[in-house]
1. Would you check if there is a residue in the stretch 328-344 being surrounded by fewer than 24 Cβ atoms within 10 Å (Cβ to Cβ) and more than 20 Å from residue 84 (Cα to Cα)?
2. Please work out if residue 276 is part of a loop (DSSP other than H, G, I, E, B) and in contact (Cβ under 8 Å) with a residue 40 or more places away in the chain.
3. Can we say residue 37 is at pLDDT 95 or above, assigned to a helix (DSSP H, G or I) and surrounded by 16 or more Cβ atoms within 10 Å (Cβ to Cβ)?
4. Evaluate the following for residue 261: is it more than 14 Å from residue 166 (Cα to Cα) and at pLDDT 95 or above?
5. Just to be sure before I move on: is residue 58 closer than 23 Å to residue 366 by Cα, touching a helix residue (DSSP H, G or I) at 6+ places or on another chain (Cβ under 8 Å) and surrounded by fewer than 20 Cβ atoms within 10 Å (Cβ to Cβ) in the structure I sent?
6. Yes or no: the stretch 106-122 includes at least one residue that is more than 28 Å from residue 139 (Cβ to Cβ), in a helix (DSSP H, G or I), modelled with pLDDT of 95 or more and in contact with a strand residue (DSSP E or B) (Cβ under 9 Å, 6 or more places away or on another chain).
7. Consider the stretch 65-82. How many of its residues are free of Cβ contacts under 8 Å to residues at least 40 places away in the same chain and either buried (at least 17 other Cβ atoms within 10 Å of the Cβ) or over 12 Å from residue 30 (Cα atoms) (or both)?
8. All but one of (1) under 17 Å from residue 167 (Cβ atoms); (2) buried (at least 21 other Cβ atoms within 10 Å of the Cβ) hold for residue 305, so report the exception by its number.
């Protein structure tokens, strides 16, 4: 990210997670917006931009719909078709840097659990071909990706299991998390394969909920209610060729995204005090630990088994419990958690002295995004 106009996250908000019967996705998003505005010490009249994220299962989450519910007509409005927290944050930063808006609220809301949304469908590029081959859920490709990792590097199921176990340990310290029942590595290994070799704990749950952020100029953020969290760097990359590329299951293009992030920002993996990985499956955590340089290729399993990502470890990962134990929110809650951690508001799961966090996300095998967040000026 270049340019002289700094961008910061000034407020975050998250609704209850789990099952919210009788609630609309748009109504949940508006609640999250109100929470984020209150966190920043602002009202809806203080914002001049609105970015929303369309729900994949229905045509809801549109900025026009949510703007009407919220009662605002900002200068700038946009909706991303797949607007995970990172992609939405990047769009907001670009809009602010270009002068389209100064203070933007970003939001996502879903009632996918109570509405019983169908996730047994192929999505994204090549969906028709994937469906014809029976690959109608990300779990299938993730299982194949882990088998490839096993074949190449000898990674074990027990090593992978430490992703789910560590994140459950973090979730036990998070009152917002849905899954807080203790999970040991013995429990993990004793459970039946769900999509072999992946188990239920390797896959995200489906949940209702909402999350929102207030993004503004770094200058304005300094005068607001909470300590600002600066967006120090961001990067994106696509892989739209998908299976036309060799080793697409291993997603080597994530390594190129990481190279760009580190080279342009001046930061290095060793500068990161907490790491947030959008975890539709545990395999994503294993892959991104390696591609972003926190472990050499093939040694991510060893890092996980060492306890580094667990509470008290040297590399806290998904301190909210991630999508495997907190809630399935397309990575939005990862950013909310990163901000709260950087502000020192995470209670018993707080990472001491945290100044730099990295949030990385991906739309399965198709595109990825990364943001470096810091309280340093």
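The values are calculated or read from the model by the stated rules, or taken from the named source; none is laboratory data. Not measured: the values here are computed from a predicted model. Every residue, glycine as well, gets a Cβ built from its backbone with ideal geometry; the counts of neighbours run over all protein chains shown.
1. Yes: the stretch 328-344 contains one or more residues that are surrounded by fewer than 24 Cβ atoms within 10 Å (Cβ to Cβ) and more than 20 Å from residue 84 (Cα to Cα).
2. On the way: part of a loop (DSSP other than H, G, I, E, B): no; in contact (Cβ under 8 Å) with a residue 40 or more places away in the chain: yes.
So residue 276 does not fit the description; no.
3. On the way: at pLDDT 95 or above: yes; assigned to a helix (DSSP H, G or I): yes; surrounded by 16 or more Cβ atoms within 10 Å (Cβ to Cβ): yes.
It is true that residue 37 is at pLDDT 95 or above, assigned to a helix (DSSP H, G or I) and surrounded by 16 or more Cβ atoms within 10 Å (Cβ to Cβ).
4. Working: more than 14 Å from residue 166 (Cα to Cα): yes; at pLDDT 95 or above: yes.
So residue 261 fits the description; yes.
5. Numbers: closer than 23 Å to residue 366 by Cα: yes; touching a helix residue (DSSP H, G or I) at 6+ places or on another chain (Cβ under 8 Å): yes; surrounded by fewer than 20 Cβ atoms within 10 Å (Cβ to Cβ): yes.
Considered against the rule, which asks whether it is closer than 23 Å to residue 366 by Cα, touching a helix residue (DSSP H, G or I) at 6+ places or on another chain (Cβ under 8 Å) and surrounded by fewer than 20 Cβ atoms within 10 Å (Cβ to Cβ), residue 58 comes out as yes.
6. No, the conditions are met nowhere in the stretch 106-122.
7. Taking the stretch 65-82 first, the residues free of Cβ contacts under 8 Å to residues at least 40 places away in the same chain are 65, 67-68, 71-81.
If we keep only those that are either buried (at least 17 other Cβ atoms within 10 Å of the Cβ) or over 12 Å from residue 30 (Cα atoms) (or both) too, we end up with 65, 67, 72-81.
The qualifying residues number 12.
8. Every condition holds for residue 305 apart from (2).
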